[in-house]
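To start, the structure under review is shown below, and the notes come after it.
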Amino acid sequence: MRKIAIIPLRAGSKGIPGKNKKKLLGRPLFSWTLGEAILSKLDEIYVFTDDTDIINYVQLNYNWTNKVKIMERSEESATDTVSTEYGMVELAKKLNYNFDILCLLQATSPLTTRDDINRCLAKIEEEKYDSSLTVVNTMRFIWKESGESINYNYNSRPRRQDFEGLLVENGAVYTITREQFEKTGVRIGGKIAIVKMPEDTLTEIDEKEDWVIMEKLIENRLSKLKKGNTKIQLLVLDVDGVFTNGNVDTGEKVELSKSFSLIDGMGIEIAREEGLEIIVMTSENSDIVSTRMNKLKIETYLGIKDKYSFLEKIREDKKLNRNQIAYLGDDINDLANICSVKWGITPNNGTLENKIKSDLILNNKGGNGAIREAINFILKYNKNI
């Protein structure tokens, strides 16, 4: 079955201007959902948007997967009064309904995981439902404005452990067969399946206050990936501000020079001798970096802005858990990885945001022995495990 998804993103957001591309824990909001969709059982994901910034970002930064497509939405479907279904129908018509399952994913639900998506797909593929949607089993007592209780008898208030609660849509994932969608044009219908997600996913980002709450929820979830006393098998390094002091000499059109530490180079050789694998991941496309890393014989990935998703791909390929990884980065695009690996490390010249959320702040600055210090720490840590 051909399984596709749509992630609708409008350029115009009134509640939070530029919401979909605003950075949440160092990543554009939409990339939290897109990254999980890439690693799910979906065949293709269509970023459906009128925002040229998002279009350019996706085209430049997801070349490592063939799943992600851009579909520009019409002016009519990008207003704040039109329904989401209007956009879904527009996409389906442009594709001539060439799919078996259509999945709607919402960027405002960044806690959605690949497992949530896969469970919704399975309801159709394996259990033969016509559609599915995600819900949260909330244990709240619901009331009408008229003073009537909706889901419990207040004269016999139940204990939490005896209370069934209420199933509430969280707006994260919807799946539907082509036949059902072509017939009705709405996101669910026919025989409908329910897929439960954790209670924290009831929070969606609609107002500025939601942003603060969501960042804490994501950070809390990522921190759980750090648990477990295991040896570090992989060290991931940023370049600018880590291998270097963060400065660069440039000409009119090109990067002229960067300064690298020989002390760090020897540290990398020592790490290799001790069996610690090292890779480099940087958002820049730099010939100077490429030349230096080739000399150091380090596996290097250039032009990676969504570092969290790309590390997920690497982690799965290498069959590692995040508690077997250490990450050294100096700026906010490293935050999600710093918050989720066993040892999130920041050099002394790193940003305040990184220092606040890191497990280890180094004494040395980038380009001045920070990598060597981090390697010494990790090797000592591994010997004590």
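The values are calculated or read from the model by the stated rules, or taken from the named source; none is laboratory data. Given the structure is predicted, the values throughout are model-derived calculations rather than measurements. Here Cβ is always computed from backbone atoms with ideal geometry, including for glycine, and neighbour counts include all displayed protein chains.
What to note about this one:
- Subset tally (residues that are basic (Lys, Arg) and either modelled with pLDDT of 95 or more or closer than 16 Å to LEU121 by Cβ (or both)) for region 157-201: 5
- Region 47-67, subset outside any helix (DSSP H, G or I) and surrounded by 20 or more Cβ atoms within 10 Å (Cβ to Cβ), residue nearest to the chain's Cα centre (by Cα): TYR62
- Residue count for region 166-198, restricted to those that are assigned to a strand (DSSP E or B) and not hydroxyl-bearing (Ser, Thr, Tyr): 15
- Looking only at region 208-241, and only at residues there that are within 29 Å of GLY369 (Cα to Cα) and basic (Lys, Arg), the one that is surrounded by the most Cβ atoms within 10 Å (Cβ to Cβ): LYS226
- Restricting attention to region 211-227, the residues that are under 26 Å from LYS19 (Cβ atoms) and free of Cβ contacts under 8 Å to residues at least 24 places away in the same chain total 4.
- Answer from GLU127, GLU85 - the residue that is of a type in the set (Asp, Glu) and outside any helix (DSSP H, G or I): GLU127
- Among the candidates THR230, THR244, THR201, residue that is of a type in the set (Ser, Thr, Tyr), within 24 Å of LYS319 (Cα to Cα) and touching a residue at least 60 places away in the same chain (Cβ under 8 Å): THR230
- Residue in region 57-66 that is within 17 Å of THR112 (Cα to Cα) and either without any contact (Cβ under 8 Å) to a residue 60 or more places away in the chain or not assigned by TED's automatic domain parsing to the domain that holds LEU302 (or both) present: no
- Among the candidates SER109, SER149, the residue that is of a type in the set (Ser, Thr, Tyr) and over 25 Å from TRP211 (Cα atoms) is uniquely SER149.
- When residues of region 269-295 are limited to those that are modelled with pLDDT of 90 or more and either of a type in the set (Val, Ile, Thr) or not assigned by TED's automatic domain parsing to the domain that holds LEU235 (or both), the one nearest to the chain's Cα centre (by Cα): THR282
- Options GLY165, GLY87, GLY189, GLY147; residue that is touching a residue at least 60 places away in the same chain (Cβ under 8 Å) and over 12 Å from ALA5 (Cα atoms): GLY87
- The residues in region 305-322 that are within 19 Å of LEU276 (Cβ to Cβ) and either touching a strand residue (DSSP E or B) at 6+ places or on another chain (Cβ under 9 Å) or surrounded by fewer than 18 Cβ atoms within 10 Å (Cβ to Cβ) (or both) can be counted, and the count is 8.
- Pick from region 128-144, criterion free of Cβ contacts under 8 Å to residues at least 24 places away in the same chain and surrounded by 12 or more Cβ atoms within 10 Å (Cβ to Cβ), ranking: nearest to the chain's Cα centre (by Cα): PHE141
- Scope region 264-297; condition over 21 Å from LEU335 (Cα atoms), of a type in the set (A, V, I, L, M) and free of Cβ contacts under 8 Å to residues at least 60 places away in the same chain; matching residues: ILE288, VAL289, MET293, LEU296
Listed here are the residues, each with its yes/no results for (1) in the same structural domain as ASP330 (by TED's automatic domain parsing); (2) in a loop (DSSP other than H, G, I, E, B).
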{"site": "ASP206", "(1), (2)": "no, yes"}
{"site": "ASP210", "(1), (2)": "no, no"}
{"site": "ILE232", "(1), (2)": "yes, yes"}
{"site": "VAL236", "(1), (2)": "yes, no"}
{"site": "GLY241", "(1), (2)": "yes, yes"}
{"site": "ASN245", "(1), (2)": "yes, yes"}
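- In region 347-357, the count of residues that are in contact with a Leu (Cβ under 7 Å, 6 or more places away or on another chain) and under 23 Å from ASN61 (Cα atoms) is one or more.
- Test: residue in region 346-368 that is among the basic types (Lys, Arg) and in a helix (DSSP H, G or I): yes
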